[in-house]
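Engineer: What follows is a single structure, and I will ask about it in a moment.
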Amino acid sequence: MGKLTDALDHPEEIWPLVQMYAAARKAKAQTRGSPDWDFCYSLLNAVSRSFSIVIQQLPPQLRDAVCIFYLVLRALDTIEDDMTIPVDVKVPELVKFHTRLRDREWKYVCGEKDYRRLMLNYPLVTQAFLQLDSVHQEVITDIARRMGKGMAEFIERDVETVQDYDLYCHYVAGLTGLGLVHLFKASRLEHGDLPDDLANSMGLFLQKTNIIRDYLEDINEEPAPRMFWPKEIWGKYGRVLEDFKDPANSAAAVQCLNHLVLNVMRHAVRSLEFLSRLQDIQVFRFCAIPQVMAIGTLAECFNNPQVFTGVVKMRRGETAKYMVSINSMRNVYLAFAHFACIMIKKCNGPAQNDPHATELHVVLNEVLERCGEGLNVQPAKLQADGLRGILGKAATRPAIALSSIVLILASVVTLLVVYGILADLWRSSQQYN
């Protein structure tokens, strides 16, 4: 009922939702006629529908490599996250995981639900991996080696400092960005200057957003999970992380949350710089859409006590709007400016007394300046338009392609034909009454 109410409250989101539904159905229905690839793509769709859609829109010479790269890293992540595996078993398993990638027999019993299915059927992923170009195999193996070693390092110690936080996020997400750049270049789709530090910032922007958003899910996990909020930050606001769930500690919890949002927003300008250097439109969409979703999620989480009591995320219809409209750097700049203005409005209003509101305001202004440069618009005008809600509409304004028009017309014609058939059947039935 809530989804229907959302759609009725935001009718402009209905068509993007239809488009996303169609894209998801198409992604789910695609088959290759071989058990290994069919398993890989069906599992990709099961564990991440949104990633499945954007991955399957990649050029053919890159699509399979990114699919397998994603599943390999999900398998590594599944081992890391399974708290039932003893540390003395988990650490060596993470370190040597990359050596398993060519073992056609290897599988591992761990994880839950679809992730358990991934691990139990991992030989199918291996078969698909071995069909990739050798250069793609080398990239995936190298990143899995470096990531597994980094994960093992943090199995045996906590994230204490902001430096630890950056290093952990580099291992589990920044390296993903580096690997993707190497895959893009190996597929000859990107030829420009894409420095590792920019790719790393893109990964950290995503990972830190997820760590913030998933506080309640992670803290309630059984057996007791590891948490990745850096103690250097949260220790200023509470005795233990679990205290933030208590409504009595809501004020301190929100201040801690806002401090973490400030930390992640420092990566935003570098993320924009990375995106601005991409040349292939499909690669661009693949990278840009998650970045837009990340800053949209941060805008929802900032100064929001519901992070500690429930699920905070963008509306499904809003997500659909951005997924279908992000096809240029202009739209990315507009989206980033829009969400930056939402946070600025909070800084000037309900969060104005937050100890880091002024500092965050400075960082958000830097984002607006970068967006203004890209759009050739003064930051002051961007902020004025953003506070009036104009930027969000501009960023998702539909540019209806000919194919969309044809689809709409075809749908109308189909409805008319069906109506005509039903009318004929009704008239025929009346003749026998």
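Read-outs: derived from the displayed coordinates by stated rules, not from any lab. Small disclaimer: the values here were computed from a predicted structure and weren't measured. We place every Cβ from the backbone using ideal geometry, glycine too, and count neighbours over all the protein chains shown.
Engineer: Using the Cα gyration tensor of the range 25-189, with a ≥ b ≥ c the square roots of its eigenvalues, what is the shape: rounded (a/c below 1.5), prolate (a/b larger than b/c) or oblate (neither)?
Structural biologist: Note, shape of the range 25-189 comes out prolate.
Engineer: What value, in deg cm²/dmol to 500, does the helix sum -39500 (n - 2.57) over DSSP H runs of n ≥ 4 give at 222 nm once divided by the residues of the chain?
Structural biologist: -22000 deg cm²/dmol
Engineer: According to the Kirkwood expression over distinct Cα-Cα pairs, how big is the hydrodynamic radius of the chain, in Å?
Structural biologist: About 23.5 Å for the chain.
Engineer: Still on this model: Residue separation times 0.36 nm, minus the C-alpha to C-alpha distance between Asp88 and Arg188: what's the value?
Structural biologist: Extra length available between Asp88 and Arg188 comes to 31.8 nm.
Engineer: Roughly speaking, what is the stretch gain from Ala224 to Val109, that is 0.36 nm per residue apart minus the C-alpha to C-alpha distance, in nm to one decimal?
Structural biologist: Extra length from Ala224 to Val109 when fully extended: 39.4 nm.
Engineer: Going through the cross-link list Lys96/Lys321; Lys107/Lys231; Lys321/Lys346, which pairs have a Cα-Cα distance over 32 Å in this structure?
Structural biologist: Too far apart for the 32 Å limit: Lys96/Lys321; Lys107/Lys231.
Engineer: Hey, another quick one. Rank these for me by crowding, Arg397, Arg117, going from fewest to most other beta carbons within 10 Å.
Structural biologist: In order of increasing Cβ crowding within 10 Å: Arg397, Arg117.
Engineer: Report the relative contact order of the range 25-189, percent, no decimals, based on alpha-carbon pairs under 8 angstrom and at least 6 residues apart.
Structural biologist: Averaging sequence separation for qualifying contacts and normalising by length gives 25 percent for the range 25-189.
Engineer: Spin-label point model (7 Å from Cα, Cβ direction): what's the Ala251 to Glu359 distance in nm?
Structural biologist: Spacing of the two 7 Å Cα→Cβ label points: 2.0 nm.
Engineer: Provide the FRET efficiency to the nearest 0.05 for the Arg388-Arg277 pair, computing r from the beta carbons and using R0 = 45 Å.
Structural biologist: So the FRET efficiency works out to roughly 0.90.
Engineer: Something else: As a footprinting exposure proxy, order Tyr108, Tyr41 by other Cβ within 10 Å, with the fewest listed first.
Structural biologist: With the sparsest Cβ surroundings first, the list reads Tyr108, Tyr41.
Engineer: Rounded, prolate or oblate: which fits the range 98-174, taking a ≥ b ≥ c as square roots of the Cα gyration tensor eigenvalues, rounded meaning a/c under 1.5, else prolate when a/b beats b/c?
Structural biologist: oblate
Engineer: Which order results if Glu13, Glu222, Glu138 are arranged by neighbouring Cβ count within 10 Å, fewest first?
Structural biologist: Arranged by neighbour count, lowest to highest, Glu13, Glu222, Glu138 become Glu222, Glu138, Glu13.
Engineer: How much FRET efficiency would the formula 1/(1 + (r/R0)^6) give for Asn210 and Arg25, where r is the Cβ-Cβ distance and R0 is 25 Å, rounded to 0.05?
Structural biologist: Efficiency at R0 = 25 Å is approximately 0.40.
Engineer: Starting from the Cα of Asp158, step 7 Å toward the Cβ, then list every residue of the range 194-227 with an amide N under 13 Å from that point.
Structural biologist: 225-227
Engineer: Quick one: net charge of Phe39's neighbours, Cβ under 15 Å, K/R +1, D/E -1?
Structural biologist: +3
Engineer: Please report, in Å, the Rg and the Dmax of the range 145-273, where both are computed over Cα atoms only.
Structural biologist: Reported Rg and Dmax, both Å: 16.3, 55.
Engineer: Ok, one more. I'd like the distance separating the alpha-carbon centroids of the range 306-335 and the range 50-76, in whole Å.
Structural biologist: Rounded to whole Å, the Cα centres lie 21 Å apart.
Engineer: Quick one: grab the alpha carbon gyration tensor of the range 206-270, order the square roots of its eigenvalues as a ≥ b ≥ c, and give me rounded if a/c is under 1.5, else prolate or oblate depending on whether a/b is larger than b/c.
Structural biologist: oblate
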